[in-house]
Amino acid sequence: MDNSPMEDKSSADLRSVTELQRQLHDLLKQLSPERLQILADFAAYLANAESEAATQELLAIPGLLERVKQNQATPKTDYINWRTLRSDV
């Protein structure tokens, strides 16, 4: 197993996320239905904001949207199986 700093950070992040999820789960049990609705609305807002930020990051990549549109216009009959392109698999 690789004990590089990147691996340690990823493991620590995962433990941190797991701990946060556990804490949130415990706190959710203590909230009234009204407060749960407020929290659900706020979580939806945060998820939307995160999704919008990711979208803006993708749109900032020069030419990405045009390449996606071009790829979507490619007939499936023109597709090539990736295994035939790779000699090492």
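The values are calculated or read from the model by the stated rules, or taken from the named source; none is laboratory data. Computed from a predicted structure; not experimentally measured. Methodologically, a virtual Cβ is constructed for each residue, glycine included, from the backbone with ideal geometry; neighbour enumeration extends over all protein chains shown. Protein only, heavy atoms only, side chains kept; ligands, DNA and RNA dropped before computing areas. Shrake-Rupley method; radii C 1.70, N 1.55, O 1.52, S 1.80 Å.
Quick one: net charge around PHE42, please, counting Lys, Arg +1 and Asp, Glu -1 for every other residue with C-beta under 14 Å from its C-beta.
Details: positive: ARG35; negative: GLU34, ASP41, GLU50.
Result for the local shell: -2.
Using 1/(1 + (r/R0)^6) with R0 = 41 angstrom and r between the beta carbons of ALA12 and GLU66, what's the FRET efficiency to the nearest 0.05? If you can, show how the numbers build up before the last one.
Details: r = 40 Å, r/R0 = 0.97.
E(calc), rounded to 0.05, equals 0.55.
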Rounded tilt (10° steps) of 33-59 against the dominant C-alpha axis of the chain: 30 degrees
Sites excluded, trypsin sites (Lys or Arg not before Pro) in DSSP loops with at most 15 other C-beta within 10 Å, longest stretch of the chain: 30-85
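Considering only protein heavy atoms and a probe of 1.4 Å, how much of the accessible area of the chain is carbon and sulfur, as a whole percent?
Values: 4980 of 8390 Å².
That fraction is 59 percent.
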Given charges at beta-carbon only (K, R positive; D, E negative), |dipole| of the chain in Debye: 360 debye
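Compute the Rg/Rh shape ratio of the chain: radius of gyration over Kirkwood radius, all on alpha-carbon atoms. Could you put the intermediate results ahead of the total?
Values: Rg = 21.8 Å, Rh = 18.4 Å.
Reported Rg/Rh, Kirkwood definition of Rh: 1.18.
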